[in-house]
Amino acid sequence: MKYKLKSIHDSSLPRQLNDFLNYLGTIKGKSLNTIQGYKVDLTMFFRFLKLYRGQVSDDTDFDSIKINDIQDGVIREVRLTDLYAFLAFAENYRNNGSYARARKVATLRSFFKFLHGKAKIIDENPALDLESPKINKRNPVYLTLDESKDLLNSITGKYAARDYCIVTLFLNCGLRLSELCGIDISKIRGDTLTVVGKGDKERTIYLNNACIKSIENYLKIRNEDADKIKDKDALFLSKNYTRINKRSVEMLVKKYVKKAGLDEENYTPHKLRHTAATLMYKYGNVDIRSLQQILGHENVSTTQIYTHVDNEKLREAVKSNPLSEEEK
């Protein structure tokens, strides 16, 4: 009997990197998207290392540099200055902004921590003192209440019931794109919906009347072609009756944003998630901890960006102070 290996192995990668990616999946329980991010960053790092040390000529196509021959000795020679040089390369030649560089710093820290503490390949960790770049926090881009209504009212056409339901869930529940595409009908029970978020973590979403009604209306039309449906449990289907993919959702959002007279470059599905969070915080008197649970943020610091989007709320908070009318 032949057995298929469930471990992650890519023959184009160094053994040390394959070991690290398997560690992330099996021991740390990281999602496939997260593992793919680490893989991309470290592939870029090893290619840079070969170029930086003159092991390939300067005119070599960067993306074709082979790295599966990297030996332990090469990794042992990596110093903190090499990591700084890599980050400078990422910024200057790959146009990486502060968020992308911060992710690369996190990747390098995790990788070299694994090599030092788990794999025992290196005696000293060169990434121990590697600092993350300063990130200027920006207020989230979001639709106003009237713009949100205009977006919903712009939805027409053959797939109007499906598309209206998709946009309604984005604007009311603050779902991530991957969470929306992954919704199963069996996970909808009354006014609750269970979704799988980052790190394969499940969380419960509470559905309001608009969400429940839009789901009911869409299911009536969806189930008219029940015999054609290939992914029986998938809530949202493509025109081929398979589970809708992320790119299709991105395109339909862009179409309706443009139709509503809004800037299609600014308002992606993720911006609709920002809109939901902002509207809940602005009109629903939702505290920051509750909003954190609704959005599925691991750290409350991520959620705190929504406390800075409404100056009027801050103004009213100051006015509501019982001492505000005291005069001498």
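All of the numbers you see were taken from the coordinates with simple rules; none came from a lab. Bear in mind that the values here come from a model prediction, so they are computed numbers and not experimental data. Note: ideal-geometry Cβ built from the backbone for every residue, glycine included; neighbour counts use all protein chains shown.
Nearest 500 deg cm²/dmol is fine: what mean residue ellipticity at 222 nm does the chain get from its DSSP H runs of n ≥ 4 alone, each adding -39,500 (n - 2.57), divided by its residue count? Before the final figure, lay out the partial values.
Values: 14 runs with 163 residues, N = 328.
So the calculated ellipticity at 222 nm is -15500 deg cm²/dmol.
With the simple model of a label 7 Å out from the Cα in the direction of the Cβ, Ser248 to Tyr206 spans 3.2 nm.
For a distance above 20 Å, tell me the whole-number percent of Cα pairs in the range 15-117 that qualify. That tail contains 37 percent of the Cα-Cα pairs.
Charged neighbours of Ala161, selected by a Cβ distance under 12 Å, balance to +2 (K, R count +1; D, E count -1).
Computed 3J(HN,Hα) for the range 169-179, one whole-Hz value per residue from the Karplus formula 6.51 cos²θ - 1.76 cosθ + 1.60 where θ = phi - 60°, is 5, 4, 6, 9, 10, x, 6, 6, 4, 5, 5, glycine and proline marked x.
In loop segments of the range 47-119 as defined by DSSP, the trypsin sites (Lys or Arg not before Pro) with at most 16 further C-beta atoms inside 10 Å of their C-beta are Arg53, Lys66, Arg79, Arg94, Lys118. For Lys187, the aspartates and glutamates whose Cα comes closer than 14 Å to its Cα, not counting residues fewer than 8 places off in the same chain, are Glu179, Glu202, Asp233.
Taking the charge dipole of the chain about its Cα centre, with +1 at Lys and Arg Cβ atoms and -1 at Asp and Glu Cβ atoms, the residue from Thr60, Ala119, Cys173 reaching farthest to the positive side is Ala119. How about the range 1-101: which chymotrypsin sites (Phe, Trp or Tyr not before Pro) there lie in a loop by DSSP and see at most 16 other Cβ atoms within 10 Å? Passing sites in the range 1-101 are Tyr3, Tyr93.
Short-range pairs are left out: with C-alpha atoms under 8 Å and at least six residues apart, the relative contact order of the chain is 15 percent. Within straight-line reach of Lys120, meaning a Cα separation under 20 Å, sit the following aspartates and glutamates at least 8 residues removed in sequence or on another chain: Asp19, Asp69, Asp72, Glu77, Asp129. How high is the relative contact order of the range 15-117, given as a whole-number percent (alpha carbon pairs under 8 Å, six or more residues apart)? Once divided by the residue count of the range 15-117, the mean separation gives 29 percent. Remark: the Ala88-Asp184 segment gains 30.2 nm on full extension, using 0.36 nm per residue and subtracting the alpha carbon distance.
Please report the net charge: other residues with Cβ closer than 12 Å to the Cβ of Leu152, K and R +1, D and E -1. Please report the intermediate quantities before stating the final value.
On the way: positive: Lys149, Lys259; negative: Asp146, Glu147, Asp150, Asp163.
That sum, taken over residues with Cβ under 12 Å, equals -2.
Looking at the range 202-270, the trypsin sites (Lys or Arg not before Pro) that sit in a DSSP loop and have at most 12 other Cβ atoms within 10 Å of their own Cβ are Lys230, Lys232, Lys239.
Modelled label positions at Ala119 and Asp146, each set 7 Å beyond Cα in the direction of Cβ, lie 5.7 nm from each other.
List Met251, Met44 from most exposed to least, where exposure is judged by having the fewest other Cβ atoms within 10 Å. Show your work: numbers first, answer last.
On the way: Met251 10, Met44 21.
Listing Met251, Met44 from fewest to most nearby Cβ atoms yields Met251, Met44.
For the range 145-310, the alpha-carbon radius of gyration amounts to 1.01 times the rule-of-thumb value 2.2 N^0.38 Å expected for a compact globular protein.
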